Amino acid sequence: MDNLQAYPLLVPIFQDIENIIGKDTYDMWLRPARFSYEGTVLTISLPNQFWGKTIRERYQHIITDAFLKHLGAEISVVYDVAAQEPAPAVSSAQDVIPARPVPAAPAIKKNPFPSRLNSSYTFANFIESPSNRFAYKAAEAVVHKLGNRENNPLVIYSSPGLGKTHLLHAIGNQILKDNPNAKVLYMSGEEFVSEYIEALQNKSSESFRKKYRSLDCFLMDDIQFVAGKAASEVEFFYTFNALFESRKQIVLSSDRTPQQLDLDERLSSRLLSGIIAEVKRPSLETRIAILRQKRESINFDIGDDVLSFIAEGIQTNIRELEGSLFRLVAYCGMHGVTPTIAIAKELLADILVSETDLSINVNSIKKVVGKHFNIKMEDFNSKRKTQSIAWPRQIAMFLATELTDLSLPEIGREFNRDHSTVVHARDVVKEKVAADPFFAAEINQVILDIKAVDKK
Ligand code: ADP
Ligand code: MG
(Lines give C-alpha, C1' and ligand atoms only; values in the text may rest on other atoms or scores of the structure.)
(Ligands and ions follow the chains in the order given, each with its own letter.)
Protein backbone atom coordinates (compact mmCIF):
# COMPACT_ATOMS: atom_id res chain seq x y z
CA MET A 1 0.00 0.00 0.00
CA ASP A 2 2.41 2.62 -1.22
CA ASN A 3 -0.12 5.44 -0.92
CA LEU A 4 -0.10 4.92 2.86
CA GLN A 5 3.61 5.15 3.48
CA ALA A 6 3.29 8.04 5.89
CA TYR A 7 0.62 6.19 7.89
CA PRO A 8 1.75 2.66 8.74
CA LEU A 9 -1.04 2.54 11.32
CA LEU A 10 -3.62 2.70 8.56
CA VAL A 11 -2.23 -0.17 6.52
CA PRO A 12 -4.21 -2.95 8.24
CA ILE A 13 -7.37 -0.83 7.97
CA PHE A 14 -7.01 -0.45 4.24
CA GLN A 15 -6.00 -4.07 3.93
CA ASP A 16 -9.35 -4.88 5.52
CA ILE A 17 -11.15 -2.55 3.16
CA GLU A 18 -9.46 -4.22 0.22
CA ASN A 19 -10.51 -7.60 1.52
CA ILE A 20 -14.11 -6.45 1.79
CA ILE A 21 -14.52 -4.70 -1.55
CA GLY A 22 -12.19 -7.02 -3.45
CA LYS A 23 -8.82 -6.38 -4.96
CA ASP A 24 -9.99 -5.28 -8.39
CA THR A 25 -12.37 -2.70 -7.03
CA TYR A 26 -9.71 -1.52 -4.62
CA ASP A 27 -7.16 -1.22 -7.41
CA MET A 28 -9.64 0.60 -9.55
CA TRP A 29 -10.92 3.18 -7.06
CA LEU A 30 -8.81 3.41 -3.94
CA ARG A 31 -5.28 2.62 -5.08
CA PRO A 32 -5.00 5.85 -7.14
CA ALA A 33 -6.10 7.92 -4.15
CA ARG A 34 -3.86 9.56 -1.55
CA PHE A 35 -4.85 9.47 2.08
CA SER A 36 -3.97 11.57 5.06
CA TYR A 37 -5.35 11.22 8.54
CA GLU A 38 -5.39 13.72 11.36
CA GLY A 39 -7.53 13.82 14.45
CA THR A 40 -10.65 12.04 13.27
CA VAL A 41 -10.55 13.39 9.74
CA LEU A 42 -9.53 11.24 6.84
CA THR A 43 -8.67 13.23 3.73
CA ILE A 44 -8.87 11.43 0.45
CA SER A 45 -7.08 13.18 -2.42
CA LEU A 46 -8.29 12.20 -5.84
CA PRO A 47 -7.49 12.89 -9.46
CA ASN A 48 -11.04 14.03 -10.32
CA GLN A 49 -14.67 14.47 -9.28
CA PHE A 50 -15.83 11.24 -10.81
CA TRP A 51 -13.63 9.35 -8.43
CA GLY A 52 -14.88 11.26 -5.39
CA LYS A 53 -18.48 10.61 -6.30
CA THR A 54 -17.94 6.90 -6.75
CA ILE A 55 -16.00 6.47 -3.54
CA ARG A 56 -18.53 8.50 -1.59
CA GLU A 57 -21.53 6.63 -2.92
CA ARG A 58 -20.20 3.14 -2.91
CA TYR A 59 -17.33 2.79 -0.49
CA GLN A 60 -17.37 5.54 2.10
CA HIS A 61 -19.47 3.59 4.57
CA ILE A 62 -17.09 0.64 4.28
CA ILE A 63 -14.14 2.93 4.96
CA THR A 64 -15.73 4.51 8.01
CA ASP A 65 -16.80 1.11 9.36
CA ALA A 66 -13.26 -0.18 9.02
CA PHE A 67 -11.89 2.80 10.95
CA LEU A 68 -14.45 2.28 13.66
CA LYS A 69 -13.55 -1.37 13.93
CA HIS A 70 -9.79 -0.82 14.07
CA LEU A 71 -9.43 2.46 15.89
CA GLY A 72 -12.76 2.70 17.66
CA ALA A 73 -13.04 6.16 16.11
CA GLU A 74 -15.91 7.67 14.20
CA ILE A 75 -14.25 9.59 11.44
CA SER A 76 -15.23 12.26 8.95
CA VAL A 77 -14.16 11.97 5.36
CA VAL A 78 -12.95 14.97 3.38
CA TYR A 79 -12.47 14.80 -0.37
CA ASP A 80 -9.72 16.77 -1.96
CA VAL A 81 -10.12 16.75 -5.72
CA ALA A 82 -7.24 17.75 -7.98
CA ALA A 83 -7.57 21.24 -9.40
CA GLN A 84 -7.16 20.24 -13.05
CA GLU A 85 -10.86 19.28 -13.17
CA PRO A 86 -12.91 21.81 -15.14
CA ALA A 87 -15.90 21.27 -12.89
CA PRO A 88 -16.05 23.61 -9.86
CA ALA A 89 -13.71 22.40 -7.20
CA VAL A 90 -15.52 21.13 -4.18
CA SER A 91 -14.85 23.38 -1.24
CA SER A 92 -13.61 21.43 1.67
CA ALA A 93 -16.01 22.98 4.18
CA GLN A 94 -19.15 21.60 2.58
CA ASP A 95 -17.33 18.50 1.64
CA VAL A 96 -16.86 17.23 5.14
CA ILE A 97 -19.31 14.42 5.14
CA PRO A 98 -20.26 13.10 8.50
CA ALA A 99 -19.66 9.44 8.74
CA ARG A 100 -22.72 7.24 8.79
CA PRO A 101 -23.67 6.97 12.44
CA VAL A 102 -23.10 3.54 13.82
CA PRO A 103 -24.63 2.95 17.24
CA ALA A 104 -22.11 0.55 18.72
CA ALA A 105 -18.80 -0.82 17.62
CA PRO A 106 -19.37 -4.20 16.02
CA ALA A 107 -17.72 -7.18 17.67
CA ILE A 108 -14.29 -7.69 16.22
CA LYS A 109 -13.52 -11.22 15.18
CA LYS A 110 -9.83 -11.49 15.88
CA ASN A 111 -7.73 -13.59 13.63
CA PRO A 112 -5.94 -15.98 16.00
CA PHE A 113 -2.69 -15.55 14.08
CA PRO A 114 -1.78 -12.55 11.96
CA SER A 115 -1.21 -14.28 8.66
CA ARG A 116 -0.77 -11.07 6.63
CA LEU A 117 -2.75 -12.66 3.87
CA ASN A 118 -4.75 -10.68 1.38
CA SER A 119 -8.00 -12.57 1.00
CA SER A 120 -8.62 -11.08 -2.45
CA TYR A 121 -6.10 -13.42 -4.02
CA THR A 122 -7.64 -16.86 -4.32
CA PHE A 123 -7.45 -19.95 -6.47
CA ALA A 124 -10.97 -19.18 -7.64
CA ASN A 125 -9.98 -15.87 -9.24
CA PHE A 126 -6.71 -17.11 -10.69
CA ILE A 127 -7.10 -18.06 -14.33
CA GLU A 128 -5.44 -21.37 -14.96
CA SER A 129 -3.68 -21.71 -18.30
CA PRO A 130 -0.86 -23.68 -19.91
CA SER A 131 1.62 -20.95 -18.96
CA ASN A 132 0.93 -21.31 -15.24
CA ARG A 133 -0.57 -24.79 -15.01
CA PHE A 134 2.39 -26.49 -13.39
CA ALA A 135 2.76 -23.81 -10.73
CA TYR A 136 -0.99 -23.79 -10.16
CA LYS A 137 -1.19 -27.57 -9.74
CA ALA A 138 1.84 -27.57 -7.46
CA ALA A 139 0.24 -24.84 -5.35
CA GLU A 140 -2.94 -26.88 -5.02
CA ALA A 141 -0.96 -29.98 -4.15
CA VAL A 142 0.77 -28.08 -1.35
CA VAL A 143 -2.57 -27.23 0.23
CA HIS A 144 -3.74 -30.81 0.11
CA LYS A 145 -0.52 -32.35 1.32
CA LEU A 146 0.86 -29.74 3.65
CA GLY A 147 4.50 -30.34 4.47
CA ASN A 148 4.78 -33.46 2.35
CA ARG A 149 8.43 -33.96 1.44
CA GLU A 150 7.66 -34.25 -2.24
CA ASN A 151 6.26 -30.73 -2.39
CA ASN A 152 8.57 -29.11 0.10
CA PRO A 153 9.70 -26.48 -0.52
CA LEU A 154 7.68 -25.21 -3.44
CA VAL A 155 9.56 -22.51 -5.31
CA ILE A 156 7.63 -20.48 -7.86
CA TYR A 157 9.60 -18.22 -10.14
CA SER A 158 8.82 -15.90 -13.05
CA SER A 159 9.47 -12.45 -14.36
CA PRO A 160 7.40 -9.71 -12.68
CA GLY A 161 3.64 -9.44 -12.87
CA LEU A 162 2.81 -13.03 -13.75
CA GLY A 163 1.01 -14.17 -10.61
CA LYS A 164 3.57 -15.37 -8.04
CA THR A 165 2.24 -13.22 -5.23
CA HIS A 166 -1.31 -14.14 -6.19
CA LEU A 167 -0.52 -17.85 -5.94
CA LEU A 168 1.24 -17.51 -2.58
CA HIS A 169 -1.76 -15.75 -1.07
CA ALA A 170 -4.13 -18.25 -2.70
CA ILE A 171 -2.27 -21.09 -0.99
CA GLY A 172 -2.45 -19.36 2.39
CA ASN A 173 -6.11 -18.46 2.03
CA GLN A 174 -7.04 -21.98 1.04
CA ILE A 175 -5.14 -23.49 3.97
CA LEU A 176 -7.00 -21.19 6.36
CA LYS A 177 -10.30 -22.01 4.71
CA ASP A 178 -9.69 -25.71 5.25
CA ASN A 179 -8.33 -25.20 8.74
CA PRO A 180 -9.01 -21.81 10.34
CA ASN A 181 -6.56 -22.53 13.16
CA ALA A 182 -3.58 -23.16 10.94
CA LYS A 183 -0.63 -20.87 11.48
CA VAL A 184 0.16 -19.38 8.12
CA LEU A 185 2.42 -16.44 7.54
CA TYR A 186 2.90 -14.50 4.34
CA MET A 187 5.90 -12.25 4.14
CA SER A 188 8.09 -10.70 1.49
CA GLY A 189 11.84 -11.20 1.43
CA GLU A 190 12.24 -7.49 1.98
CA GLU A 191 10.09 -7.58 5.12
CA PHE A 192 12.03 -10.56 6.42
CA VAL A 193 15.31 -8.70 6.06
CA SER A 194 14.05 -5.52 7.68
CA GLU A 195 12.34 -7.33 10.56
CA TYR A 196 15.46 -9.33 11.16
CA ILE A 197 17.56 -6.19 11.34
CA GLU A 198 15.03 -4.65 13.68
CA ALA A 199 15.08 -7.74 15.91
CA LEU A 200 18.85 -7.54 16.10
CA GLN A 201 18.68 -3.92 17.12
CA ASN A 202 16.08 -4.63 19.78
CA LYS A 203 17.96 -7.71 20.89
CA SER A 204 14.81 -9.71 20.29
CA SER A 205 16.11 -12.23 17.78
CA GLU A 206 14.95 -15.07 20.03
CA SER A 207 11.28 -14.11 19.70
CA PHE A 208 11.88 -13.39 16.03
CA ARG A 209 12.99 -17.00 15.64
CA LYS A 210 10.16 -18.43 17.68
CA LYS A 211 7.59 -16.64 15.58
CA TYR A 212 8.75 -18.34 12.41
CA ARG A 213 9.45 -21.71 13.83
CA SER A 214 5.95 -22.20 15.16
CA LEU A 215 4.40 -21.93 11.70
CA ASP A 216 2.50 -24.57 9.74
CA CYS A 217 3.13 -22.83 6.48
CA PHE A 218 5.58 -20.11 5.66
CA LEU A 219 4.98 -18.19 2.44
CA MET A 220 7.90 -16.01 1.51
CA ASP A 221 7.60 -13.81 -1.54
CA ASP A 222 10.53 -12.44 -3.53
CA ILE A 223 13.36 -14.31 -1.83
CA GLN A 224 15.81 -12.60 -4.15
CA PHE A 225 15.86 -9.84 -1.50
CA VAL A 226 17.35 -12.23 1.03
CA ALA A 227 19.97 -13.68 -1.27
CA GLY A 228 23.39 -12.20 -0.75
CA LYS A 229 22.49 -10.36 2.49
CA ALA A 230 24.77 -12.54 4.58
CA ALA A 231 23.27 -12.31 8.08
CA SER A 232 19.65 -12.41 6.94
CA GLU A 233 20.39 -15.26 4.62
CA VAL A 234 21.90 -17.30 7.44
CA GLU A 235 18.87 -16.56 9.61
CA PHE A 236 16.60 -17.53 6.76
CA PHE A 237 18.55 -20.74 6.31
CA TYR A 238 18.03 -21.69 9.98
CA THR A 239 14.37 -20.82 9.81
CA PHE A 240 14.05 -22.79 6.64
CA ASN A 241 15.78 -25.83 8.14
CA ALA A 242 13.82 -25.74 11.37
CA LEU A 243 10.54 -25.67 9.44
CA PHE A 244 11.68 -28.21 6.92
CA GLU A 245 12.90 -30.67 9.55
CA SER A 246 9.60 -30.52 11.40
CA ARG A 247 7.78 -31.12 8.11
CA LYS A 248 6.23 -27.71 7.91
CA GLN A 249 5.35 -26.34 4.52
CA ILE A 250 7.51 -23.72 2.87
CA VAL A 251 6.55 -21.86 -0.28
CA LEU A 252 8.90 -19.37 -1.85
CA SER A 253 8.80 -17.10 -4.84
CA SER A 254 11.62 -15.56 -6.76
CA ASP A 255 12.20 -13.51 -9.86
CA ARG A 256 14.77 -16.05 -11.07
CA THR A 257 15.59 -19.73 -10.69
CA PRO A 258 17.18 -20.90 -7.41
CA GLN A 259 20.37 -21.62 -9.36
CA GLN A 260 20.51 -18.01 -10.48
CA LEU A 261 20.06 -16.67 -6.96
CA ASP A 262 23.23 -15.77 -5.22
CA LEU A 263 22.58 -18.18 -2.34
CA ASP A 264 24.66 -20.20 0.05
CA GLU A 265 25.23 -23.62 -1.49
CA ARG A 266 23.51 -25.56 1.29
CA LEU A 267 20.42 -23.41 1.05
CA SER A 268 20.46 -23.57 -2.71
CA SER A 269 20.58 -27.36 -2.75
CA ARG A 270 17.74 -27.52 -0.23
CA LEU A 271 15.63 -25.34 -2.47
CA LEU A 272 16.39 -27.56 -5.40
CA SER A 273 15.21 -30.63 -3.51
CA GLY A 274 11.55 -29.60 -3.67
CA ILE A 275 9.39 -28.49 -6.56
CA ILE A 276 10.46 -25.68 -8.80
CA ALA A 277 7.75 -24.21 -10.97
CA GLU A 278 8.10 -21.48 -13.52
CA VAL A 279 5.19 -19.24 -14.45
CA LYS A 280 5.57 -18.35 -18.09
CA ARG A 281 4.12 -15.54 -20.10
CA PRO A 282 0.43 -15.98 -20.77
CA SER A 283 -0.88 -16.68 -24.24
CA LEU A 284 -3.29 -14.32 -25.96
CA GLU A 285 -6.28 -16.50 -25.00
CA THR A 286 -5.22 -16.42 -21.36
CA ARG A 287 -4.76 -12.67 -21.41
CA ILE A 288 -8.24 -12.24 -22.85
CA ALA A 289 -9.69 -14.60 -20.23
CA ILE A 290 -8.02 -12.59 -17.47
CA LEU A 291 -9.41 -9.33 -18.83
CA ARG A 292 -12.90 -10.82 -19.06
CA GLN A 293 -12.70 -11.88 -15.46
CA LYS A 294 -11.60 -8.39 -14.41
CA ARG A 295 -14.43 -6.87 -16.43
CA GLU A 296 -16.87 -9.02 -14.56
CA SER A 297 -15.45 -8.18 -11.18
CA ILE A 298 -15.59 -4.42 -11.74
CA ASN A 299 -18.87 -4.72 -13.61
CA PHE A 300 -18.18 -2.24 -16.39
CA ASP A 301 -19.58 -2.27 -19.89
CA ILE A 302 -16.67 -2.86 -22.24
CA GLY A 303 -16.73 -4.84 -25.48
CA ASP A 304 -14.85 -8.03 -26.25
CA ASP A 305 -13.19 -6.29 -29.20
CA VAL A 306 -11.64 -3.72 -26.88
CA LEU A 307 -10.50 -6.39 -24.44
CA SER A 308 -8.84 -8.34 -27.28
CA PHE A 309 -7.15 -5.18 -28.47
CA ILE A 310 -5.62 -4.58 -25.03
CA ALA A 311 -4.67 -8.24 -24.68
CA GLU A 312 -2.83 -8.13 -28.00
CA GLY A 313 -0.95 -5.01 -27.03
CA ILE A 314 0.22 -6.11 -23.59
CA GLN A 315 1.96 -9.42 -23.63
CA THR A 316 4.45 -9.75 -20.88
CA ASN A 317 2.98 -8.55 -17.62
CA ILE A 318 -0.46 -9.24 -16.18
CA ARG A 319 -0.19 -6.37 -13.74
CA GLU A 320 0.20 -4.00 -16.68
CA LEU A 321 -2.59 -5.77 -18.49
CA GLU A 322 -5.10 -5.19 -15.72
CA GLY A 323 -3.68 -1.73 -14.99
CA SER A 324 -4.45 -0.76 -18.58
CA LEU A 325 -7.99 -2.02 -18.32
CA PHE A 326 -8.51 0.00 -15.14
CA ARG A 327 -7.02 3.08 -16.75
CA LEU A 328 -9.36 2.79 -19.70
CA VAL A 329 -12.40 2.17 -17.53
CA ALA A 330 -11.58 5.13 -15.29
CA TYR A 331 -11.10 7.40 -18.27
CA CYS A 332 -14.34 6.34 -19.94
CA GLY A 333 -16.29 6.47 -16.71
CA MET A 334 -15.06 9.98 -16.07
CA HIS A 335 -15.97 11.23 -19.53
CA GLY A 336 -19.18 9.26 -19.70
CA VAL A 337 -18.20 7.49 -22.93
CA THR A 338 -18.24 3.85 -23.97
CA PRO A 339 -14.78 2.32 -24.38
CA THR A 340 -13.67 1.80 -27.97
CA ILE A 341 -10.50 0.53 -29.62
CA ALA A 342 -9.74 4.06 -30.78
CA ILE A 343 -9.87 5.43 -27.23
CA ALA A 344 -7.80 2.53 -25.93
CA LYS A 345 -5.23 3.06 -28.65
CA GLU A 346 -4.78 6.70 -27.80
CA LEU A 347 -4.95 6.38 -24.02
CA LEU A 348 -2.60 3.40 -23.79
CA ALA A 349 -0.20 4.40 -26.57
CA ASP A 350 2.74 4.54 -24.16
CA ILE A 351 2.33 0.96 -23.04
CA LEU A 352 0.91 -1.02 -25.97
CA VAL A 353 3.35 -3.00 -28.06
CA SER A 354 3.27 -1.59 -31.56
CA GLU A 355 3.34 -3.70 -34.69
CA THR A 356 6.86 -2.58 -35.58
CA ASP A 357 8.15 -3.72 -32.20
CA LEU A 358 6.56 -7.08 -32.80
CA SER A 359 8.17 -7.67 -36.14
CA ILE A 360 11.72 -7.48 -34.84
CA ASN A 361 13.33 -10.87 -34.98
CA VAL A 362 16.67 -12.26 -33.98
CA ASN A 363 17.80 -12.52 -37.56
CA SER A 364 17.56 -8.82 -38.22
CA ILE A 365 19.36 -8.17 -34.94
CA LYS A 366 22.19 -10.45 -36.04
CA LYS A 367 22.31 -8.83 -39.47
CA VAL A 368 22.64 -5.30 -38.17
CA VAL A 369 24.99 -6.14 -35.31
CA GLY A 370 27.09 -8.28 -37.66
CA LYS A 371 27.41 -5.46 -40.12
CA HIS A 372 28.15 -2.90 -37.45
CA PHE A 373 30.87 -4.95 -35.74
CA ASN A 374 32.06 -6.68 -38.83
CA ILE A 375 31.37 -10.31 -37.97
CA LYS A 376 29.71 -13.03 -40.02
CA MET A 377 26.20 -14.39 -39.43
CA GLU A 378 27.52 -17.87 -38.57
CA ASP A 379 29.82 -16.42 -35.91
CA PHE A 380 26.82 -15.66 -33.72
CA ASN A 381 26.14 -19.35 -33.27
CA SER A 382 29.71 -20.64 -33.41
CA LYS A 383 31.77 -21.71 -30.42
CA ARG A 384 34.50 -19.17 -31.15
CA LYS A 385 35.41 -17.18 -28.07
CA THR A 386 37.69 -14.45 -29.42
CA GLN A 387 36.69 -11.15 -27.89
CA SER A 388 36.10 -9.54 -31.28
CA ILE A 389 33.35 -12.12 -31.87
CA ALA A 390 32.16 -12.85 -28.35
CA TRP A 391 31.42 -9.18 -27.56
CA PRO A 392 29.17 -8.49 -30.60
CA ARG A 393 27.48 -11.82 -29.91
CA GLN A 394 26.73 -10.68 -26.36
CA ILE A 395 25.42 -7.39 -27.68
CA ALA A 396 23.12 -9.24 -30.07
CA MET A 397 21.82 -11.40 -27.21
CA PHE A 398 21.24 -8.32 -25.09
CA LEU A 399 19.32 -6.68 -27.93
CA ALA A 400 17.24 -9.81 -28.37
CA THR A 401 16.20 -9.59 -24.71
CA GLU A 402 15.35 -5.91 -25.17
CA LEU A 403 13.67 -5.91 -28.55
CA THR A 404 11.93 -9.23 -29.00
CA ASP A 405 9.23 -10.99 -27.10
CA LEU A 406 11.23 -14.20 -26.81
CA SER A 407 11.96 -15.88 -23.48
CA LEU A 408 15.56 -16.31 -22.33
CA PRO A 409 15.71 -20.02 -23.30
CA GLU A 410 14.25 -19.18 -26.72
CA ILE A 411 16.91 -16.54 -27.28
CA GLY A 412 19.52 -19.03 -26.12
CA ARG A 413 18.40 -21.45 -28.81
CA GLU A 414 18.74 -18.75 -31.47
CA PHE A 415 22.40 -18.44 -30.50
CA ASN A 416 23.07 -22.10 -29.89
CA ARG A 417 23.54 -21.45 -26.18
CA ASP A 418 21.70 -21.96 -22.93
CA HIS A 419 19.68 -19.31 -21.18
CA SER A 420 22.25 -18.59 -18.46
CA THR A 421 24.66 -17.42 -21.16
CA VAL A 422 21.96 -15.05 -22.37
CA VAL A 423 21.42 -13.76 -18.82
CA HIS A 424 25.13 -13.13 -18.46
CA ALA A 425 25.38 -11.41 -21.84
CA ARG A 426 22.36 -9.24 -21.05
CA ASP A 427 23.79 -8.20 -17.70
CA VAL A 428 27.30 -7.28 -18.88
CA VAL A 429 26.04 -5.30 -21.85
CA LYS A 430 23.43 -3.56 -19.73
CA GLU A 431 26.13 -2.59 -17.26
CA LYS A 432 28.29 -1.13 -19.98
CA VAL A 433 25.35 0.79 -21.41
CA ALA A 434 24.72 2.28 -17.98
CA ALA A 435 28.37 3.12 -17.37
CA ASP A 436 29.51 4.36 -20.77
CA PRO A 437 27.46 7.05 -22.56
CA PHE A 438 29.39 6.64 -25.80
CA PHE A 439 28.65 2.98 -25.88
CA ALA A 440 25.01 3.69 -25.03
CA ALA A 441 24.81 6.06 -28.01
CA GLU A 442 26.34 3.42 -30.25
CA ILE A 443 23.80 0.84 -29.09
CA ASN A 444 21.00 3.32 -29.67
CA GLN A 445 22.12 3.74 -33.25
CA VAL A 446 22.21 -0.03 -33.71
CA ILE A 447 18.66 -0.25 -32.36
CA LEU A 448 17.48 2.42 -34.81
CA ASP A 449 19.14 0.49 -37.65
CA ILE A 450 17.44 -2.72 -36.58
CA LYS A 451 14.06 -1.02 -36.48
CA ALA A 452 14.69 0.44 -39.91
CA VAL A 453 15.57 -2.98 -41.34
CA ASP A 454 12.41 -4.45 -39.90
CA LYS A 455 10.17 -1.79 -41.43
CA LYS A 456 11.35 -2.70 -44.93
P1 ADP B 1 4.11 -11.26 -9.41
O2 ADP B 1 4.08 -11.52 -7.94
O3 ADP B 1 4.56 -12.44 -10.22
O4 ADP B 1 4.87 -10.02 -9.78
P5 ADP B 1 1.29 -10.80 -9.05
O6 ADP B 1 0.90 -12.04 -8.35
O7 ADP B 1 1.40 -9.57 -8.24
O8 ADP B 1 2.63 -11.00 -9.90
O9 ADP B 1 0.26 -10.58 -10.26
C10 ADP B 1 0.08 -9.32 -10.87
C11 ADP B 1 -1.40 -9.08 -11.06
O12 ADP B 1 -1.90 -9.96 -12.06
C13 ADP B 1 -2.20 -9.37 -9.80
O14 ADP B 1 -3.21 -8.42 -9.70
C15 ADP B 1 -2.80 -10.75 -10.04
O16 ADP B 1 -4.04 -10.89 -9.39
C17 ADP B 1 -2.95 -10.76 -11.55
N18 ADP B 1 -2.80 -12.10 -12.11
C19 ADP B 1 -1.64 -12.72 -12.40
N20 ADP B 1 -1.85 -13.94 -12.93
C21 ADP B 1 -3.19 -14.10 -12.96
C22 ADP B 1 -4.04 -15.14 -13.42
N23 ADP B 1 -3.55 -16.27 -13.95
N24 ADP B 1 -5.38 -14.97 -13.29
C25 ADP B 1 -5.88 -13.81 -12.79
N26 ADP B 1 -5.14 -12.79 -12.36
C27 ADP B 1 -3.80 -12.90 -12.44
MG1 MG C 1 4.98 -10.39 -6.46
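The values are calculated or read from the model by the stated rules, or taken from the named source; none is laboratory data. The model shown is predicted, which means the values in this text are computed figures rather than measured ones. Virtual Cβ from ideal backbone geometry, glycine too; neighbours counted across all protein chains shown.
Give me a count of the residues in region 266-303 that are of a type in the set (A, V, I, L, M, F, W, C) and assigned to a helix (DSSP H, G or I). Of the residues in that region, 9 qualify. Contact map, region 157-169: residues that are farther than 11 Å from Ile318 by Cβ and of a type in the set (Phe, Trp, Tyr) paired with residues that are more than 6 Å from ligand 1 (Cβ to nearest atom) and assigned to a strand (DSSP E or B), Cβ distance under 9 Å, separation 6+ or inter-chain. Pairs shown: Tyr157/Leu252; Tyr157/Ser253; Tyr157/Ser254; Tyr157/Ile276; Tyr157/Ala277; Tyr157/Glu278.
Restricting Ser253, Ser232 to residues that are outside any helix (DSSP H, G or I) and of a type in the set (S, T, N, Q) narrows the list to Ser253.
When region 119-140 is filtered for residues that are touching a residue at least 60 places away in the same chain (Cβ under 8 Å), more than 9 Å from ligand 1 (Cβ to nearest atom) and surrounded by fewer than 20 Cβ atoms within 10 Å (Cβ to Cβ), the ones remaining, listed by number, are Ser119, Pro130, Phe134.
One line per residue, one yes/no per condition, for (1) over 25 Å from Gln445 (Cβ atoms); (2) surrounded by 14 or more Cβ atoms within 10 Å (Cβ to Cβ):
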site	(1), (2)
Val329	yes, yes
Met334	yes, yes
Ile360	no, yes
Val369	no, yes
Asp379	no, yes
Lys383	yes, no
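Among the residues of region 177-191, how many are among the small types (Gly, Ala, Ser) and in a loop (DSSP other than H, G, I, E, B)? Show your work before the answer.
Kept after step one, since they are among the small types (Gly, Ala, Ser), are these residues of region 177-191: 182, 188-189.
Checking the rest, the ones that are also in a loop (DSSP other than H, G, I, E, B) come to 182.
The qualifying residues number 1.
Scanning region 391-420 for residues that are part of a helix (DSSP H, G or I), more than 24 Å from the chain's Cα centre (by Cα), surrounded by fewer than 18 Cβ atoms within 10 Å (Cβ to Cβ) and at pLDDT below 95 yields a count of 1.
No other residue among Leu215, Leu307 is assigned to a helix (DSSP H, G or I), among the hydrophobic types (A, V, I, L, M, F, W, C) and either within 16 Å of ligand 2 (Cβ to nearest atom) or farther than 19 Å from Lys164 by Cα (or both) apart from Leu307.
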